[in-house]
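Beneath this line is the structure, given in structure tokens, with notes to follow.
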Amino acid sequence: MSAPARRGSVTRILIVNLTRFGDLLQTSPAIAALRGRHPEAAITLMAEKNFADVCDDIPGIDRVYRVELDRLGNLMLEGGERLLEAYRYVEQVVGELRAERFDLALNYSSSRMSAVFLGLLRIPDVRGWSMTADGLRVIRHPWARLFATMCLNRRVAAFNLVDYYCAMTGRDADVRGLRYEVRPAADTKAAALLAEHGVGAADRFVALQLGASRAIRQWPEASFVALGRALAATGLRVVAIGGGGDRALGDRVVAAIGAAAINTCGRTGVGELGGLLRRASALVTGDTGPMHMAVAVGTPVVGLFFGPASPFDTGPYAADHVVVHTGALCAPCDHNVTCLEPFCRDELPPEAIAAVVLARIGEDWPALEALAADLRPARVYRTGFDGTGRFEATPLGAPPRRREDALRAAYRATFLHVIEGVPLPAAAPAPVDLGPFAALATLARDGLAQAGILAGLARARPPRLAELERIGRELEVLDRAIKEHGATHPDTTVLTQMFVFGKENLEGDDVATLAVETARLYHDLARSAEAMTALLGGAAIKEHTDDARLHQ
């Protein structure tokens, strides 16, 4: 792991986020945290050109560097002489960014391409995905490794995406909520667009985000129509929002709802969308970019989560929003899965969702508690923050505690304890087999002991090569056993995957140094497994004398 730059020594910061519109908005709290931690530093954000416009109005960014990934991808696909053009474009980007001489870089994109870029830029402190001099991928910073781990274990996702981003900055500032500034010109255009359809400043309306990036994320057209009619019957106007590709869908939905509805799909740029949403009484949406825009401009959200959407990792990052999550036992599904029977989209009845929207507009939380009980097996969550300032989604209507709920809470407390030093809460016994966690802790303690011996042998003069090789082979066998343990005991996979990512991160040629870093990985794995055992109802964590020696 790269050593973090000393506070006050950072003058140029690069943030890399090559994902979509919503992800860029979710970067805004991390930018606020960096600005609070390094007030004099110049912050550059590198974004994909097609989505970069939103960055122009995120506070705290000094420069937006637009990179043309579509162009680069097309050149590489064409091949032949076009590969040389692709190489020259990459060379240009790397040259321009290297010339900035950044002190600190945070890579929030988990792609191989972004890792290559960061590896080529030669920045002293890189956090997130990068590349070694040998061309191997590394994930620097424990919170970045935890993010990568949880992406592979989303049913027990312990933290919101924004919290991973913020934790990688050092997190000095209070960064609750997203940030976006609507420019006066964009605000005026949004007001004019609404007025064009007879929606004045005094009119109350609910915005409906119709489209989504994938069909599995999109609520059925008929459900939006039924919801719109129910809202219109209460005297509310309904405004369909979306991109240019949603215009035909918007026309159909608006025509079916009636005179109370208008279609603005494809008629708003990023700024105008912010201006429109800030006037709405609420936004009903799937897990989309406009959901995050509504959060950033202070509009209440009723999020409809199904398919791969999870309220725990991408829920609206501010207090008092509402997420209705399908009760399907397979939710959330993997991002790479193509579901042949997406029944989860039909589990959220439009009339009940209308009641949820009206209760949220009226800030009637007791009514929402009652509605949550009626909506089962779907679950309703109220968003907020815990005592550490991190996002949490609190279930309404007292649903029964599920096994994955217990694991998620235990993992959350465990990693706050191991990475941040937050004290463990009281145990909450759960129907989870604790044996695999205890066995994993034993494996990790064995590794810690062996790594300690290895470090001592590496410092011996003359070197005891035969013993070094023997211990090295024993650790390879142990590491394989740890990896296989995670594969055969899925509840422990989060811990073993964190360990595997940590081992992949080890760099250098000095055996003694590598042995000490390896010992730390075993140490953290043991502590994590013991914490999970304690939190899920097992015995209290024991003190180990090797823990103190490790930090000497």
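Table for the structure above
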quantity: Antiparallel bridge percentage (DSSP; both residues within the chain; nearest 5); calculated: 25 percent
quantity: Residue-by-residue Karplus 3J(HN,Hα) for region 66-82, coefficients 6.51, -1.76, 1.60, Hz, glycine and proline x; calculated: 8, 10, 9, 6, 4, 4, 4, x, 5, 4, 5, 5, 5, x, x, 5, 5
quantity: Residues with amide H under 5 Å from that of Val422, placed H, sequence gap 5 or more; calculated: His417
quantity: Amide H contacts of Ala261 (H built 1.01 Å from N, under 5 Å, at least 5 apart or other chain); calculated: Val238
quantity: From phi via Karplus (6.51, -1.76, 1.60), per-residue ³J(HN,Hα) for region 341-357 in Hz, x at Gly/Pro; calculated: 9, x, 5, 4, 5, 9, 7, 10, x, x, 5, 5, 5, 4, 5, 4, 4
quantity: Residue-averaged [θ]222 nm for the chain, counting only DSSP H segments that reach four residues, each worth -39500 (n - 2.57); calculated: -14000 deg cm²/dmol
quantity: Cβ-based net charge around Ala99, under 12 Å, with every Lys or Arg adding one and every Asp or Glu removing one; calculated: +2
quantity: Antiparallel bridge percentage (DSSP; both residues within region 12-167; nearest 5); calculated: 15 percent
quantity: Structure-derived mean projected area of the Cα convex hull in nm²: which label, when the choices are (i) 32.1; (ii) 34.4; (iii) 28.0; calculated: (iii)
quantity: Local electrostatic count at Ala481 - Lys and Arg +1, Asp and Glu -1, tallied over other residues with Cβ under 12 Å; calculated: -3
quantity: Distance-filtered residues of region 347-363 - backbone nitrogen under 19 Å, label point 7 angstrom along Ala222 Cα→Cβ; calculated: 347-354
quantity: Sites Ala466 and Leu506, calculated FRET efficiency, Cβ-Cβ separation with R0 22 Å, nearest 0.05; calculated: 0.45
quantity: Degrees, to the nearest 10: 142-151 long Cα axis against longest axis of the chain; calculated: 60 degrees
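Laboratory data are not the source of any read-out in this text; all were calculated from the coordinates shown. This is a predicted model, so every value here is computed, not measured. Glycine also receives a Cβ, built like all others from the backbone with ideal geometry; neighbour counts cover every protein chain displayed.
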